[in-house]
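First up is the structure itself, then whatever we jot down about it.
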Ligand code: HEA
Ligand code: HEA
Ligand SMILES: [Cu+2]
């Protein structure tokens, strides 16, 4: 593919993310990868549900005493909103509006960063209470499930930052359009997982 | 090709292979990497059998014996059988669908290096003197309390190799979905391609749980987590579930490609279309699906309760039905055919009775109340070696003989091939048939020795003699390979003369861009169709000769894998040394930098000029 | 002449019989010679499934051999091109339906026996006086030895399980350290001893172990548990109910047995060195660090697998790691030969049966 | 690849495709508000349950919040990730199998094999 090929809004294809064979491969491959991630998280959820509130005799922490919904609510809002902003970015990708796309992606990254900061705050808070990773089977399962999600967020942040800076000079082309598109898929998927985390871990945890 | 490589000097050649993203070279590296580990696992098997030759034997110590069985099982399954099959998939599948490469050549190379570094990591345990010793299943109460770093080698080594496996699986899936040549519909794909597809889908869904399981094990052992420590509220049964959710599909990941290889061989050497092709496809998919629903049949004696046992028992037995469909379709393929007993065909013919015997004992184990007696006895050992050796290993040997001319342009000796078969096949039945009775007679598996006077002596000796015969057979195969390579008699496109699938329509070995022109596929067994219609080359192009786009080689996959390899040691020694943490971080950093380089650099590949392709075509005598 | 022939016939019959019996393994540990209801149920299932499997193999091999004979290229000629058949729906239907039927034939008894063998509802049944109706044994598997507690009878033993015949004996199984699995091949198999929960099942013993070669059934650990997994054997003594009751009474009578330093040198040494881990009274509860030795003199094996002689016993005491690598008993090298003799004599005298 | 056919849209076509994109974007925003709404309800009923204000039982609350979660996920997949558009057959197939297996696995764990 000729990298220097400059497109205009008129020549930009309708589905830039699938315009070349390489792009199609990435597109399909990434979806398949996400299908594998479903099972990965299902295993984590299974482990968490089995070990929820399980610990040595005299376990001091339980889901009900630990979780604080207001914080989780704010985190949820941040992540949900970032999902919308990345939709906006893709909207501009299709319209061949590079600047706006970068802008919306930057906003997405900031929201994600906010989410991650709150999660770090939450974890340190718990640790200060004494609910450490080694505290009980419950704590291990909790940190591993929520932490794996958090790790995904962090990876997404690094990924998008690299993309934004890498392409700042290059502008949009068919080579990097797919990269942006797969990032957005990834980001939505992280949101999907979070929906289950706030429901199954936090909300159901508070119920008991 | 090889003469060019020789002129370039040794270092350059090595670098060329290390950086190669060509699916054929990657496939060959998978193949030889896997064969290397097969020899390791085989030597371990020989030691196991020698230890059990006589009662109260002390050839190896109790601890060493446990290390041997653990490493034998792990090596054979994850580092030998699966990679060798990946080798075939990599080399053959793109050729069969008329593609020029896999969908992600870079990731293909990454998967290879992850496998190699994972395998090396695991086996370095021998040199560190801390070897995994809790069985390949690593049930956690034992794996958690196992001292030293043995189980850490297991957890991290398999984690690295497993990542490679997952990547390879996704890669194959996308290749098959997106890169089929014009006319190659799903229902025209060769059976081996189909089984590759389903096996890859199994990998996609089976390996992520294992990733999590291994992380839990790693965290428990190295980072103070409590998943499996029951005094802290943990639960060891979680591990058993996770392991078998991977473990059972894993055995179908092994056997399905083996089925694919045999399907090809049967129809070629019976000169007959595969009987009931669509039923075969359906059965493959069904086996794959059912494979996920039966994992608890390895846990009948864990105490899950009668309801769970009953459900899983019935589900397990159900797998006999689609597998039976396959067996009978093969039988009907050779029925009414024109059977030529070449070496590959010999293996295929040996496979049918052997695998059926292994399969039916599997169904017996599926009967839960009966499994209460059979579980963890030598009957199990007999069952799974019957399906694995009688199915997978025979398929590997068959595939080696069958595709060797395609991959290396020279034929393995048929005579030596048959000698190998005779030794291996007889040795195999001698080793494992009698083990069914050892199980009935109350001999548990994984025992490092046994007392005299329990009536097991003769049977064990017979078993060991059989194992040694297998060793002889395999040695003949190695000799065969060496002799063939030295003689180096070149062969034509279609040395078996009855080739039916696309790989037989290009030269042996194929040029690095595979097809000068993308082929046009006109039906199942397209080459056969062409040949029957008088087109000797078996090939109809779907496009004029044009410039061919090829990916660039890259050393980055090597360094990404190396980084994880280094980080593994750091993680292992983090707690007890001062340098551990640093090494962990440095290793991860190396991987990360390599990854970033990859994503920041534009890598657009290059073009093979039309003129060069035309010249290649001419120098081959214009055969296609 | 006639006579010679007859003799020869008899001999060959005998030979065939021994081969056949050898094919069934040894009575004290073969699943093919079941000595109780559970094992017999499982054996019947084995026969049923084996018959079906032999049938399946037979059918496959017949088709296979015929096609191999009939359709060789050497017979058909090098140029023969067979008809390229696509398949046959009828045939495919046949070989789908027949296996389904065969599977169903196996599935029904499997499910039935799964529930039957899993039924432990009578375990906690008590009669009017509040006494347990059935014998319950709590089994604790520890690194390379087995502890058997009879909670309703107030006694504990180790390594040798003693049970009455012809009644259901219920088991509670658990492991104290890592996972093991409890298996008496000749009587019925098998249930894991997990670390985190109690598993329950029952067995029925229908044969008097007196008649066996060693006078005991063999029991095995069937789950890899460490270096000495192979040596984690135990033995089972079965006896009629009346004899069992006598045994229980004798066991209960050891309640005041203590190792009295004043009685003999062996007893004194035992009291100094061993009593911390090993009890010599069978009355009490499970949970000791070492096996209860109240019945040591009655046992069949030292450490579960060594011959039951003073020599082996002394070897064991002086170098436990050599005989069972990884076990938790320290080696006692400080004893002189005389002292060892004394301890061995004392231990061999610990008996409830004599 | 080099051989991408570049098609130049006419001004009219361009306007049309922009209009379509805007319309679909409006749909996305709608879906987003629906998601926020569902989240709000979920949090509120759990808070209500927590404070025992409305007498919700957990047998009511848990299924409802799980249902809402499932709806949200479907919205994400079908709208934000465009699974409703064509060319997503393979993606849908694999996601479905993934969800199915995940569901079977969790169901198996929770109902029959987990103690
Ligand atoms: C390639 C590997 C492979 C394959 C293909 C299979 C195939 C099968 N396996 Fe096996 N299995 C293993 C590898 C494999 N297995 C391994 C490695 C272990 C042990 C792991 C460990 O513990 O270390 C194991 C253990 C194992 C167990 C656990 C035993 C225990 O530990 O207690 C069970 C129990 O149900 C089982 C069942 C089956 C069944 C029902 C099949 C079926 O797929 C077989 C189907 C095939 C046929 C039945 C033959 C052809 C059919 C016909 C001709 C039709 C007519 C037939 C009938 C109607 C019966 N296997
Ligand atoms: C792909 C899987 C695979 C393969 C191919 C094999 C192959 C063999 N296996 Fe095994 N095996 C397992 C997977 C496999 N195995 C697993 C999973 C276990 C369970 C482990 C556990 O309990 O945790 C097991 C366990 C196992 C046991 C039971 C151990 C125990 O429970 O105590 C035994 C015992 O007989 C055994 C024997 C053999 C033998 C004789 C072979 C033979 O077929 C090997 C044939 C190989 C050769 C013949 C190559 C030999 C090489 C040479 C002789 C050197 C020559 C070198 C040159 C010429 C350069 N294996
Ligand atoms: Cu299985």
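The values are calculated or read from the model by the stated rules, or taken from the named source; none is laboratory data. All of these numbers come straight from a predicted model, not from anything done at the bench. Note that we place each Cβ from the backbone using ideal geometry, even for glycine, and neighbour counts take in every protein chain shown.
For the range B:278-291, the condition of being within 14 Å of ligand 1 (Cβ to nearest atom), under 30 Å from residue B:341 (Cβ atoms) and at the interface with another protein chain (Cβ under 7 Å from one of its Cβ atoms) holds for at least one residue.
Of everything listed in (1) more than 16 Å from ligand 1 (Cβ to nearest atom); (2) surrounded by fewer than 23 Cβ atoms within 10 Å (Cβ to Cβ), the single unmet condition for residue B:135 is (1). Give the range C:231-270 a look and list any residue that's out of contact with any strand residue (DSSP E or B) (no Cβ under 8 Å at 6 or more places or on another chain) and within 14 Å of chain B (Cβ to nearest Cβ), or say none. Listed by number, the list holds a single entry, C:231. Given the conditions (1) at the interface with chain B (Cβ under 7 Å from one of its Cβ atoms); (2) modelled with pLDDT of 90 or more; (3) out of contact with any strand residue (DSSP E or B) (no Cβ under 9 Å at 6 or more places or on another chain), report the number of the one that residue C:31 does not fulfil. Result: residue C:31 passes all but (3).
If you go through the range B:229-249 and pick out every residue that is within 13 Å of ligand 3 (Cβ to nearest atom) and more than 9 Å from chain A (Cβ to nearest Cβ), you end up with 7. Of the residues contained in the range A:49-57, one or more are found to be more than 24 Å from the chain's Cα centre (by Cα), within 17 Å of residue A:140 (Cβ to Cβ), buried (at least 16 other Cβ atoms within 10 Å of the Cβ) and within 11 Å of chain D (Cβ to nearest Cβ). The residue that is modelled with the lowest pLDDT, counting only those in the range D:35-67 that are in contact with a helix residue (DSSP H, G or I) (Cβ under 7 Å, 6 or more places away or on another chain) and loosely packed, with under 14 Cβ neighbours inside 10 Å, is D:54. Scanning the range B:298-307 for residues that are surrounded by fewer than 23 Cβ atoms within 10 Å (Cβ to Cβ), more than 16 Å from ligand 2 (Cβ to nearest atom) and in a helix (DSSP H, G or I) turns up B:306, B:307. With a requirement of 2 or more residues that are within 16 Å of ligand 3 (Cβ to nearest atom) and in contact with a strand residue (DSSP E or B) (Cβ under 9 Å, 6 or more places away or on another chain), the helices (runs of 4 or more DSSP H) lying completely within the range B:359-448 that satisfy it span B:368-374. Screening residue B:203 on (1) farther than 21 Å from residue A:30 by Cα; (2) within 16 Å of ligand 1 (Cβ to nearest atom); (3) more than 8 Å from chain A (Cβ to nearest Cβ) shows it passes everything except condition (1). Go through the range B:19-66 and give me each residue that's part of a helix (DSSP H, G or I), away from ligand 1 (no atom under 16 Å from the Cβ) and over 16 Å from residue B:115 (Cα atoms). The answer is B:24, B:39, B:42, B:43, B:46, B:47, B:49, B:50, B:51, B:62, B:63, B:64. Is it the case that some residue within the range A:149-158 is within 12 Å of chain B (Cβ to nearest Cβ), buried (at least 22 other Cβ atoms within 10 Å of the Cβ) and on the phi < 0 side of the Ramachandran plot? Scanning the range A:149-158 turns up no residue that is within 12 Å of chain B (Cβ to nearest Cβ), buried (at least 22 other Cβ atoms within 10 Å of the Cβ) and on the phi < 0 side of the Ramachandran plot. Within the range A:2-26, can you find the residues that are in a helix (DSSP H, G or I) and either within 8 Å of chain D (Cβ to nearest Cβ) or touching a strand residue (DSSP E or B) at 6+ places or on another chain (Cβ under 7 Å) (or both)? Across the range A:2-26, the qualifying residues are A:18, A:21, A:22.
When B:313, B:308, B:320 are checked against the criterion of being within 14 Å of ligand 1 (Cβ to nearest atom) and farther than 29 Å from residue B:431 by Cβ, B:308 stands alone in meeting it.
In the range A:120-135 there is no residue that is under 16 Å from the mean Cα position of the chain (by Cα) and buried (at least 19 other Cβ atoms within 10 Å of the Cβ).
Is it fair to say residue B:381 is modelled with pLDDT of 95 or more, more than 12 Å from chain C (Cβ to nearest Cβ), crowded, with 24+ Cβ neighbours inside 10 Å and near ligand 1 (Cβ under 9 Å from one of its atoms)? Considered against the rule, which asks whether it is modelled with pLDDT of 95 or more, more than 12 Å from chain C (Cβ to nearest Cβ), crowded, with 24+ Cβ neighbours inside 10 Å and near ligand 1 (Cβ under 9 Å from one of its atoms), residue B:381 comes out as no. Evaluate the following for residue A:177: is it within 12 Å of chain B (Cβ to nearest Cβ), in contact (Cβ under 8 Å) with a residue 24 or more places away in the chain, touching a helix residue (DSSP H, G or I) at 6+ places or on another chain (Cβ under 6 Å) and assigned to a helix (DSSP H, G or I)? No: the conditions fail for residue A:177.
Would you check if there is a residue in the range B:353-373 being facing chain C (nearest Cβ under 9 Å), under 22 Å from residue C:93 (Cβ atoms) and more than 8 Å from ligand 1 (Cβ to nearest atom)? Looking for residues that are facing chain C (nearest Cβ under 9 Å), under 22 Å from residue C:93 (Cβ atoms) and more than 8 Å from ligand 1 (Cβ to nearest atom), one finds none in the range B:353-373, hence no.
Okay, residues lined up against (1) surrounded by fewer than 24 Cβ atoms within 10 Å (Cβ to Cβ); (2) modelled with pLDDT of 95 or more:
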residue: B:48; (1), (2): yes, yes
residue: B:57; (1), (2): yes, no
residue: B:68; (1), (2): yes, yes
residue: B:80; (1), (2): no, yes
residue: B:89; (1), (2): no, yes
residue: B:93; (1), (2): no, yes
residue: B:109; (1), (2): no, yes
residue: B:119; (1), (2): no, yes
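Evaluation of residue A:71 against the conditions (1) at positive phi; (2) modelled with pLDDT of 85 or more shows that the sole unmet condition is (1).
Set side by side, the residues B:81, B:99, B:103 differ, and just one is within 16 Å of ligand 3 (Cβ to nearest atom), touching a residue at least 12 places away in the same chain (Cβ under 8 Å) and either touching a helix residue (DSSP H, G or I) at 6+ places or on another chain (Cβ under 7 Å) or closer than 18 Å to residue B:134 by Cβ (or both), which is B:81.
Yes or no, residue by residue, for (1) more than 16 Å from ligand 2 (Cβ to nearest atom); (2) in contact with a helix residue (DSSP H, G or I) (Cβ under 9 Å, 6 or more places away or on another chain); (3) modelled with pLDDT of 95 or more; (4) farther than 30 Å from residue A:40 by Cβ:
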position: B:236; (1), (2), (3), (4): yes, yes, no, no
position: B:241; (1), (2), (3), (4): yes, yes, no, no
position: B:245; (1), (2), (3), (4): yes, yes, no, no
position: B:253; (1), (2), (3), (4): no, yes, yes, no
position: B:265; (1), (2), (3), (4): yes, yes, yes, yes
position: B:270; (1), (2), (3), (4): yes, yes, no, yes
